[in-house]
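Report on the structure given below.
The values are calculated or read from the model by the stated rules, or taken from the named source; none is laboratory data. Remember, it's a predicted structure, so these values are computed and weren't measured experimentally. Every residue, glycine as well, gets a Cβ built from its backbone with ideal geometry; the counts of neighbours run over all protein chains shown. Surface accessibility is based on the protein's heavy atoms, side chains included, excluding ligands, DNA and RNA. Shrake-Rupley method; radii C 1.70, N 1.55, O 1.52, S 1.80 Å.
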Amino acid sequence: MRVLVIGSGGREHALCRSLKLDPQVSELHCAPGNAGIEEVATVHPVDPLDPGQVAELALRLRVDLVVVGPEAPLVAGVSDAVREAGIACFGPSRDAAMIEGSKTFAKEIMRAADVPTARARSCVTEEEAAAALDEFGAPYVVKDDGLAAGKGVVVTEDRAKALAHARACERVVIEEFLDGPEVSMFALCDGSTAVPLQLSQDFKRAYDGDEGPNTGGMGAYTPLPWAPEGLTEQVMREVVHPTIGELTRRGLPYQGVLYVGLALTSKGPKVVEFNARFGDPETEVLLDRLETPLGGLLMACATGELGLDPVFRDGSAVTVVIASENYPEAPVKGDAIRGLQETANAYVLHAGTKRQGDEVVSNGGRVLNVVGHGPDQESARRAAYELVGRIELRGSFHRTDIAR
């Protein structure tokens, strides 16, 4: 099959790498791609937020499947335009993608489906926000209602800071703080059926010890040897099936991947957030361990023919994000990157990069994902950090405690 991937980050490089390894995939394209993706796929300079441009490219390339990576193109209606052009698409419709596009909509779906989650208030005015902060108390959790590239959440003990974030957003969801560790679970959906992928965990804060500002994610690992037995089955039963059932009831059958961010609270797992796409950087480690060929799996979701559960390899995978100077506030771009050669047990997935002459240079906040794998978590972690130590990027930084 001929496949077109939409996006330009580490998640899309991971998708392209896995699709390239699938013997069913005869031709691989990506738009717009990055310096790493262009080594495994033919890249095209298309605006990923323009549904017409994406559909036109898919038709011109005569692809069999379009895989939409990021959330913004989904909310812009790219998957709708591709399907209207008669091409199979992995990714929910614009209306179904509002499960991520609007925190208020997500909470509404969860209430209707009786999904366990934090109590919350949707606020437009400063007075509403102040009342909600007082109702739930500290730590204050304030979420931008719309898309914010994973950085629209403030969790703080400082009421003034929480209120300032609410003031800066058009609409916010303020909710009670959920105690306990957070885990990520992805479920592949074909419109009526859903199957789980392996559990993973990411690290949102910029610095070691979960300090510093919220980011799009600084690293991840899978599997989770400490996860409670039966957690995946419980989440499928209490969260995923009720959620896709409620969406279907509203005429919004869900095709793609449903990302469930969970807090394992003292009262059981509760949903922190939904995303309408593969999480980044969790995708990088999950696809490293996925044994089932990816192309056939995504095509089955896009065509309503999802069957058996995906199979994962034994062992562990760890990814460490190398971020540019001043990320996440004002990332510095344009610095040369060296030392990208893979080792026996680790390799690099590009995120914010571009090619400039003969050099690869930084072109975003999260620049690289270094993925290590091994028979256990410690060996995978060691492999990742050994390669991280060889990479040179002026002013860059990374966390040293991923999967510790």
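Simple spin-label estimate for E126 and D208 gives 4.0 nm between the two label positions (7 Å along the Cα-to-Cβ direction from each Cα).
Report the local net charge at Q201: Lys and Arg +1, Asp and Glu -1, summed over other residues whose C-beta lies under 9 Å from its C-beta.
Values: positive: none; negative: E182, D202, E282.
Counting the neighbours of Q201, the net charge comes to -3.
Helices in the chain, meaning DSSP H runs of at least 4 residues, each add -39500 (n - 2.57). Divided by all residues, the mean residue ellipticity at 222 nm is -8000 deg cm²/dmol.
Once you have a ≥ b ≥ c as the square roots of the Cα gyration tensor eigenvalues for the range 165-256, tell me rounded if a/c is under 1.5, and otherwise prolate or oblate according to whether a/b is larger than b/c. Oblate, since a/c reaches 1.5 and b/c is not below a/b.
Give the accessible surface of the range 39-83 per residue, rounded to a whole number of Å², with probe radius 1.4 Å and ligands, DNA and RNA excluded. Before the final figure, lay out each step's value.
Details: 1830 Å² over 45 residues.
With all protein chains present, the range 39-83 gives 41 Å² per residue.
Shape verdict for the range 327-368, please, from the Cα gyration tensor: rounded (a/c under 1.5), prolate (a/b greater than b/c) or oblate. Can you show the working numbers first?
On the way: a/c = 2.91, a/b = 1.44, b/c = 2.02.
Taking the square roots of the gyration eigenvalues as a ≥ b ≥ c, the range 327-368 is oblate.
At full extension, D179 and R119 could sit 20.3 nm farther apart than now, given 0.36 nm per residue minus the alpha carbon distance. Taking all protein chains together and a 1.4 Å probe, the residues T343, T319 rank T343, T319 from largest to smallest accessible area. Within the assembled protein chains, the solvent-accessible surface assigned to E392 is about 110 Å², based on a 1.4 Å probe. Give the calculated FRET efficiency between E56 and Q24 to the nearest 0.05, with a Förster radius of 25 Å applied to their Cβ-Cβ distance. The pair E56/Q24 has a calculated efficiency of 0.50. Structural descriptor for the range 100-191: relative contact order 35 percent, calculated from alpha carbon pairs under 8 angstrom and at least 6 residues apart.
How far apart, in nm, are two points set 7 Å out from the Cα along the Cα-to-Cβ line at V155 and at E229? That separation, rounded to one decimal, is 2.9 nm.
For V321, V155, write out the residues from largest to smallest accessible area, computed with a 1.4 angstrom probe and no ligands counted.
Working: V321 0, V155 55 Å².
The residues order as V155, V321, largest area first.
Checking the a/c ratio against 1.5 first, then a/b against b/c, what shape does the Cα gyration tensor give for the range 31-87? Show your work: numbers first, answer last.
Numbers: a/c = 2.00, a/b = 1.35, b/c = 1.48.
The shape class here is oblate.
Looking at the range 198-251, the chymotrypsin sites (Phe, Trp or Tyr not before Pro) that sit in a DSSP loop and have at most 13 other Cβ atoms within 10 Å of their own Cβ are W226.
Note on the chain: with neighbouring protein chains present and a 1.4 Å probe, carbon and sulfur make up 47 percent of its accessible heavy-atom surface. Each residue, R111 and K333, gets one label point 7 Å from its Cα in the Cβ direction; the gap between the two is 4.0 nm. Note that the range 232-331 presents 35 Å² accessible area per residue, ligands and nucleic acids not counted, probe 1.4 Å. Scanning residues 5 or more positions from D145 or on other chains, those with amide H under 5 Å from its amide H are R171, V172, V173, with H placed 1.01 Å from N in the peptide plane.
Quick check on the chain: of the DSSP beta bridges with both residues there, what percent are antiparallel, nearest 5%?
Bridges in the chain that DSSP calls antiparallel: roughly 80 percent.
Within the straight-line cut-off of under 16 Å between alpha carbons, the lysines reachable from K204 are K143, K151, sequence neighbours fewer than 8 places apart in one chain being disregarded.
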